[in-house]
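Structure, as structure tokens:
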Amino acid sequence: MAITQPYVRKPPPLAVQALMGAAIYGIGWPVIRTAEALGRGPRFLAAMAKGNEKRVAQKNPFRDYQPGPQDVFVMTMPKSGTNWTMQIAHQLIWHGKGEFAHVHDVIPWPDIAVMPGFMQRYAVPIDQATAWTSAPERKRVVKTHFHWELL
């Protein structure tokens, strides 16, 4: 019987994180503020959202996924307390004894399939998320920001 090592997430390199921050705050934020100042903010953001919806629909990681009775979904809007909610759910499943180095070592986030390649190892893939099998409640928390229609 082969012994498998626990999953360890790999965040993007520091240089990539810095470039992402520079792009968001140095380019994205000024572009959005300019569009708003010109009265085109809602139209600009709607066009961005439509493009993102099309991309997500094409690469939807939940397309062939069949949830089981063990799956508990944490579905929230980004930046609304998702990680906090995931940790609460994880601790409930583990009766307060759930341990991990980082929450994404034990909780899968299938949404990363539609993100750039450097994000692909940021969270445990759903097919490798097996820590839940040892949990007292035998449940698996799955994180997503997708709308429920895509699940």
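The values are calculated or read from the model by the stated rules, or taken from the named source; none is laboratory data. Quick caveat: nothing in here was measured; it's all calculated off a predicted structure. Neighbour counts are summed over all protein chains in view; Cβ atoms, including those assigned to glycine, are modelled from backbone coordinates with ideal geometry. What goes into the accessible areas is simple: the full protein's heavy atoms, side chains included, and nothing from ligands, DNA or RNA. Shrake-Rupley method; radii C 1.70, N 1.55, O 1.52, S 1.80 Å.
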(message) Tell me the net charge near R43. Cut-off is 14 Å between Cβ atoms, R43 excluded, with +1 for each Lys or Arg and -1 for each Asp or Glu.
(response) +1
(message) If you take every residue apart from P116 with its C-beta less than 15 Å away from the C-beta of P116, what net charge results, scoring Lys and Arg +1 and Asp and Glu -1?
(response) +3
(request) Skip the ligands, DNA and RNA, and give the accessible area per residue of the chain with a 1.4 Å probe, whole Å². (result) 68 Å²
(request) Pop out the ³J(HN,Hα) list for segment 81-88 in order, Karplus 6.51 cos²θ - 1.76 cosθ + 1.60 with θ = phi - 60°, rounded to Hz; leave Gly and Pro as x. (result) x, 4, 5, 4, 5, 4, 5, 4
(request) Take the solvent-accessible surface of the protein heavy atoms, probe 1.4 Å, and return the percent of it on segment 16-101 that carbon and sulfur atoms account for. (result) 63 percent
(request) Could you pull out every residue, at least 5 positions away or on a different chain, whose amide H is within less than 5 Å of the one on R140? Hs are placed 1.01 Å off N in the peptide plane, and Pro or chain starts have none. (result) D71, V72
(message) With θ taken as phi - 60° and the coefficients 6.51, -1.76 and 1.60, list the Karplus ³J(HN,Hα) couplings across segment 27-39 in order, rounded to whole Hz; mark glycine and proline as x.
(response) 10, x, 4, x, 5, 5, 5, 5, 4, 5, 5, 8, x
(message) Can you compute 3J(HN,Hα) from phi for each residue in segment 58-73, using the Karplus curve 6.51 cos²θ - 1.76 cosθ + 1.60 with θ = phi - 60°, rounded to whole Hz and x for Gly and Pro?
(response) 6, 10, 3, x, 8, 3, 9, 7, 10, x, x, x, 7, 7, 10, 8
(message) Once ligands and nucleic acids are excluded and a 1.4 Å probe is used, how much of I32 is accessible, expressed in Å² to the nearest 10?
(response) 50 Å²
(request) Take the cross-link list K50/K139; K10/K79; K10/K54; K59/K139 and give me the ones stretching past 23 Å between alpha-carbons. (result) K50/K139; K10/K54; K59/K139
(message) With a 1.4 Å probe and all protein chains kept in place, how much accessible area does H90 have, in Å² rounded to the nearest 10?
(response) 10 Å²
